[in-house]
Amino acid sequence: MTQTETTCLRPSSTQDVADIIMDAAAAGQTLAITGNGTRQGFGNPVTASRTLELGGLDQVAFYEPEDLVIRAGVGLTLDELEHMLAQKSQYLPFEPPRYTGLYGTDGRRSTLGGAVATALSGPRRILCGAVRDFVLGVEGVNGQGDVFKAGGRTMKNVTGYDLSKLVTGACGTLAALTSITLKVLPAPRAELTLVVPAGTLEDDRALFEKIRALPLGVSGLARRVAADECCEVVIRVEGTIPGVAGNRQVLEGLLPTPPRVAEQEESRALWQDIRELSCLAPRADELVWRVNLPATAMPVFVDEARRAGCISRFFVDWAGGVVFSTMRGVQPEVDALRYRKMAEKIGARAMLLRAPDPIRSQFGAFPPVAAGVAALERRTRAAFDPAGIFNPGRMTVQA
Amino acid sequence: MQMPEPSQAIMNQRDALAVALRQIVGQEWVISDEAERRPYQCDGITAYMAMPLLVVLPGSAAEVQQILRLCHEKGVKVVPRGSGTSLSGGALPLEDGILLVTSRLCNVLEVDAANRVARVQPGVPNIKISEAVQHLGLCYMPDPSSQLISTIGGNVAENAGGVHCLKYGVTANHILGLEAVLMTGEILHLGGAYLGAAEGELDLMGVLTGSEGLLAMVTEIAVRLEPVPEVARVISMSFPSVEEACACVGAIVGAGIIPAGLEFMDRKVLDAVSVLIRETFDSSTAALLLCELDGTAVEVDALVDVVSDVARAQGAIETKVSTTEEERQRIWSSRKLAFSAIGKLCPDYYCTDGTIPRNKLPEVLNKMADMSVKYGLDYANCFHAGDGNLHPIIMYDAAKPGDLEKAEAFGADVLIACVDAGGVLSGEHGVGVEKRDLMTHQFTEIDLNQQQMVKCAFDPAELLNPGKVFPTACRCAEFGRMHVRNGAVRFPDIPRF
């Protein structure tokens with residue numbers, strides 16, 4: 001939780017944001033920057049003088065469906081945004097997760113700004129790219145109270161440094177973003193998901209590899225725990241109605257057993273559950289991890305981590321490239337360190353998605369980076385926020 | 001076009017510097033002879049030339065590291081260069097700087113088909129990556145038209161696009177990891193060789209991509225590999241007016257279709273290419289659209305029908321669909337030959353790459369017609385319509401006094417019109433020196449300062465590719481100390497080069 005000494009500031013214009021920041025900078029105060037505060041459990045805990053809530057900046061500046069572009073205030077909720085796009089048969093390809101089930105907050109209030117600040121991409125990442133790939137431009141306020149813009153609204157743009165990418169995933173440590181311009185895409189007309197019982201981790205990984213080698217545009221490949229506690233492999237295809245039917249036939253030929261087929265609504269619900277990690281169902285005292293790794297390393301990594309007691313419950317997404325898992329809170333301090341070391345050994349990145357504040361403060365929610373990169377990150381932060389007033393400690397562990 | 005004043009003191013150290021650099025890379029890989037340096041005087045823009053102090057060709061990241069460390073110590077500027085195909089002068093040499101050329105860093109280091117990634121050195125030509133993985137049914141998607149020659153390192157520096165980037169994205173969307181050397185000689189590893197390797201890092205890789213060689217020297221790149229689409233078919237659609245062709249672009253996207261490529265050619269381009277391909281275009285055709293659809297055969301067949309219907313509804317005179325791969329290649333040949341065909345019509349041409357919101361296409365194209373009258377120069381249009389990336393081809397004769405200046409002014413007016421229409425100066429060629437002085441039209445002083453602060457975080461001595469992208473030097477030392485409140489111009493009396 002964010003600790004604040006005084007009231008929460010909730011501006012409704014970019015100029016108000018700039019004024020607040022200028023005042024804070026002049027007074028030597030720090031600011032915890034949030035949208036509607038639904039994901040304060042993500043990243044390291046922040047201690048700041050005041051909270052700057054940007055949820056009030058929720059206006060849509062423009063939406064031009066034929067140009068595949070929308071610009072909106074950071075406070076627009078993802079639900080509203082996705083609803084607006086759906087009315088024009090468009091969508092956010094990066095399928096942003098809310099993860100609010102983990103944090104016990106209201107996912108309906110999660111914002112566009114939060115999605116960009118956390119840069120969390122959902123299951124479609126394997127086909128369509130990450131959040132950063134859809135951020136065309138931003139407007140924000142730096143740590144000195146200057147309003148700046150970066151990027152633009154066109155599909156292609158190499159004019160100046162791509163600061164839009166830099167602020168995406170920076171968890172509000174570089175700038176208080178005020179508006180974001182996104183590339184959106186036409187939503188596929190049809191989707192369906194093939195479901196088969198899981199094999200061994202290596203069997204499933206090999207199946208993922210075989211499927212991904214084909215140019216079918218498979219947009220989801222996961223191995224999850226089903227309602228009956230059995231594991232299953234789920235394969236999503238999207239596109240035109242004839243295209244999806246054709247791909248289904250090809251895939252059925254590759255599968256070890258005839259699949260169950262989840263169509264349209266059922267398929268959508270299934271992938272929403274995967275996106276939100278529903279099948280992990282962590283207990284209140286469990287830590288939740290997200291580990292990015294080379295898919296080929298996944299089976300051995302998971303087996304070893306389970307034997308070492310570092311994984312209690314888990315599932316695999318991104319065709320084997322990400323493992324979500326829970327960890328029992330017996331000795332979390334010891335196990336967290338051990339698990340992260342196991343990940344580092346194979347060059348994987350272990351992110352602590354949920355843990356009590358003291359554990360995240362001690363170990364850092366994000367995996368550590370090499371010293372040289374950390375130093376450059378520090379200098380880059382100072383280039384935006386020289387006095388370090390934004391979200392102090394959110395991404396880095398304080399010495 | 002003004003560049004920073006060369007330092008005579010550095011130029012006087014040329015011989016001593018050559019000796020020191022030869023100790024790092026070996027005798028033959030430092031080019032000091034004037035005649036041998038001459039081919040490196042310019043990149044793809046031949047209008048701008050400068051003789052590099054020395055040309056250095058390192059053979060490893062370790063050598064790059066030592067070269068940069070040495071240059072940093074001695075205060076020598078460094079200009080990185082791949083194959084030199086830049087269309088914005090990004091690799092224009094400096095008389096008091098070395099040219100660091102990646103030609104010898106040309107190996108595909110590893111192909112990891114299971115994880116769908118390849119690790120390559122920066123001097124590998126773009127096309128060689130796809131060739132190296134062809135037998136696996138994989139490819140590297142971004143395909144700038146220079147792909148036979150331009151290197152992946154140069155593609156990263158310019159965040160190169162290409163015909164297929166509407167559907168598949170630009171270079172930045174296909175890079176998973178970078179090894180880069182800072183001007184101080186420090187080697188950094190960003191991201192890695194798998195999807196998601198950069199999660200939880202500040203996206204330094206994202207800002208390095210497209211930074212035009214101003215932030216760090218990239219020495220290794222991990223790229224995403226994709227399966228080669230099963231089939232691709234192209235539809236050629238002719239329209240009686242430019243407006244109808246432009247409206248069709250929006251209508252195709254509006255119908256929920258993202259073509260693999262969507263290209264526009266005007267009548268002048270068609271007349272020029274018809275000579276080369278020995279094919280005539282109907283006299284009522286004012287503009288032609290080429291729309292490529294790819295995917296599985298079933299999917300593509302379905303989309304071809306939809307696009308054909310949309311085209312007819314938008315007033316297309318004729319639509320032709322390729323049924324074989326040979327036919328597809330033949331239809332595309334008109335687009336591929338467009339620039340050389342125009343080249344036969346005039347002694348010289350000048351091409352920029354401003355990008356606009358698609359719905360502003362007719363407005364900006366009309367403005368161009370007026371500009372053509374104003375400057376008395378002919379022009380033709382052939383561009384990536386799907387992403388609003390214009391490529392006006394301005395025809396001139398360098399032998400005629402004043403013609404080049406007129407062409408440049410025409411080009412600048414087009415770029416300004418692009419920015420005024422809500423677009424940007426460059427969609428894929430980069431700013432380089434060519435568009436540098438127009439940056440203040442697109443960005444405020446504050447916007448540019450914020451970008452230059454990032455430069456200071458990477459290269460505070462400003463030795464990497466100075467004089468490019470930004471109309472003024474960074475003055476990193478002053479940043480942080482001087483600060484004028486919102487709106488006030490910060491450095492009103494700063495000398496501009």
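None of the figures in this text is laboratory data; all of them are computed from the coordinates on show. These numbers were taken from a predicted model, which means no experiment stands behind them. Backbone-built Cβ (ideal geometry, glycine too); neighbour counts: all protein chains shown.
Numerical summary
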read-out	value
Selection from A:P215, A:L255, A:N292, by position along the positive dipole direction of chain A (Cβ)	A:N292
Ratio Rg/Rh, restricted to segment B:231-340 and using Cα atoms, in which Rh is the Kirkwood radius	0.94
Exposure proxy order (Cβ contacts within 10 Å, fewest to most) of B:D413, B:D403	B:D413, B:D403
Point-charge dipole on Cβ atoms (K/R +1, D/E -1) for segment B:346-430, about Cα centre, debye to 20	200
Total charge dipole magnitude, chain A, about the Cα centre, Cβ charges on Lys, Arg, Asp, Glu only, Debye to nearest 20	820
Label point distance in nm, A:A27-A:A226, each placed 7 Å from Cα along Cα→Cβ	5.8
Rg to Rh quotient for segment B:411-458, alpha carbon positions, Kirkwood Rh	1.00
Two-site label geometry, B:S241 and A:D303: point separation in nm, points 7 Å out along Cα→Cβ	6.9
Partners for A:K210 among aspartates and glutamates (Cα-Cα distance below 16 Å; same-chain residues under 8 apart left out)	A:E202, A:E252, A:D317, B:D112, B:E226, B:E230
Nearest-ten-degree value, helix B:242-254 long axis tilted from longest Cα axis of chain B	80
Fewest-first ranking of B:M11, B:M439, B:M141, using other Cβ atoms within 10 Å as the exposure measure	B:M11, B:M439, B:M141
Compactness of segment B:108-227 - radius of gyration and Dmax, Cα, Å	13.2, 41
Exposure proxy ranking, count of Cβ atoms within 10 Å, fewest first, for B:L87, B:L202, A:L255	A:L255, B:L87, B:L202
B:E327/A:V250 FRET efficiency (R0 30 Å; Cβ-Cβ; nearest 0.05)	0.70
Degrees, to the nearest 10: A:201-212 long Cα axis against longest axis of chain A	80
Rg(Cα)/(2.2 N^0.38 Å) for chain B, N = residue count	1.00
Degrees separating the helix B:361-375 axis from the principal Cα axis of chain B, which is the longest one	70
Dipole-positive endmost among B:G206, B:A260, B:H384 within chain B (Cβ charges, Cα centre)	B:G206
P(r), alpha carbons of the protein assembly as shown - 10 Å bins starting at zero, rounded %	2, 12, 22, 26, 21, 12, 4, 0, 0
Convex hull per residue volume in Å³, alpha carbons only, for segment B:89-132	86
Cα pair distances exceeding 20 angstrom across segment A:267-329, given as percent	26
Inter-site label distance for B:Q13 and A:Q331 at 7 Å from Cα along Cβ, in nm	5.7
Convex hull volume of segment B:276-409 per residue (C-alpha atoms, cubic angstrom)	132
Chain A: equivalent-ellipsoid semi-axes (sqrt of 5 x gyration tensor eigenvalues, Cα, Å)	35, 27, 17
Spread of Cα-to-Cα distances over 10 Å intervals beginning at zero, given as percent, for segment A:304-392	14, 41, 28, 15, 2
Given charges at beta-carbon only (K, R positive; D, E negative), |dipole| of segment A:278-363 in Debye	60
Label point at B:A473 placed 7 Å out along Cα→Cβ; residues across segment B:38-61 whose backbone nitrogen lies under 18 Å	none
Pairs of Cα atoms farther than 21 Å apart, segment B:8-101, %	25
Greater than 20 Å apart at Cα, pairs in A:K149/B:K77; A:K156/B:K435; A:K149/A:K183; B:K374/B:K406	A:K149/B:K77
Cα gyration tensor shape of segment B:59-171, rounded if a/c is under 1.5, else prolate or oblate by comparing a/b with b/c	oblate
Semi-axis lengths (Å, descending) of the ellipsoid that matches the C-alpha gyration tensor of segment A:190-275	19, 16, 11
Cα gyration tensor of segment B:338-411 - equivalent ellipsoid semi-axes, whole Å, descending	22, 14, 9
